[in-house]
1. How far apart, in nm, are two points set 7 Å out from the Cα along the Cα-to-Cβ line at LYS85 and at HIS21?
2. Add +1 for every Lys or Arg and -1 for every Asp or Glu among the other residues with Cβ under 11 Å from the Cβ of PHE6, and state the total.
3. Work out from phi, with θ = phi - 60° and the Karplus expression 6.51 cos²θ - 1.76 cosθ + 1.60, the ³J(HN,Hα) of each residue of region 14-27, listed in order in whole Hz, and give x for Gly and Pro.
4. Along region 34-44, what does the Karplus equation 6.51 cos²θ - 1.76 cosθ + 1.60 (θ = phi - 60°) give for ³J(HN,Hα), rounded to whole Hz, x for Gly and Pro?
5. Roll a 1.4 Å probe over the protein heavy atoms and report the accessible area of ILE82 in Å², nearest 10.
6. Tell me which residues come under 5 Å, amide H to amide H, from ALA72 once H is placed; ignore anything under 5 positions away on its chain.
Amino acid sequence: MRAVYFNESGGPGVLEVGEVHDPIPEDDEVLIKVAAVGIDTDDLLRTGSITYKLKTDTSPYLGFECSGVVIAIGSKVFTCRIGDKSHTCTFIG
């Protein structure tokens, strides 16, 4: 999977684009094949370019808002199916 991510705090210069491991959804999660993603203020908060307190287990992958198609679902997900179109705003901490 290609992702925009960061490994250290800072401004836009700390952002990287590269290949990362494919995520596996937990029982209550879905996996979306992303067609479009937005990098916005919430993402900048996470990189530390704007002061903001984060939980320590926050994902390093950016893209607070995205749209695409559901390609995998956890065993406790009953509100959508594989192949459904999706738009989401993720919770970042």
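The values are calculated or read from the model by the stated rules, or taken from the named source; none is laboratory data. This structure is a prediction, so every number in the text was calculated from the model and none was measured. Note that we place each Cβ from the backbone using ideal geometry, even for glycine, and neighbour counts take in every protein chain shown. The accessibility values were calculated without ligands, DNA or RNA, using every heavy atom of the protein model including side chains. Shrake-Rupley method; radii C 1.70, N 1.55, O 1.52, S 1.80 Å.
1. Roughly 3.3 nm, to one decimal.
2. Working: positive: ARG46; negative: GLU8, GLU16, ASP43.
Summing Lys/Arg as +1 and Asp/Glu as -1 gives -2.
3. 3J(HN,Hα) across region 14-27, in whole Hz: 8, 6, 10, 10, x, 7, 10, 4, 5, x, 10, x, 6, 4.
4. 6, 9, 8, 9, x, 9, 10, 4, 4, 5, 5
5. The value for ILE82 is about 110 Å².
6. LEU31
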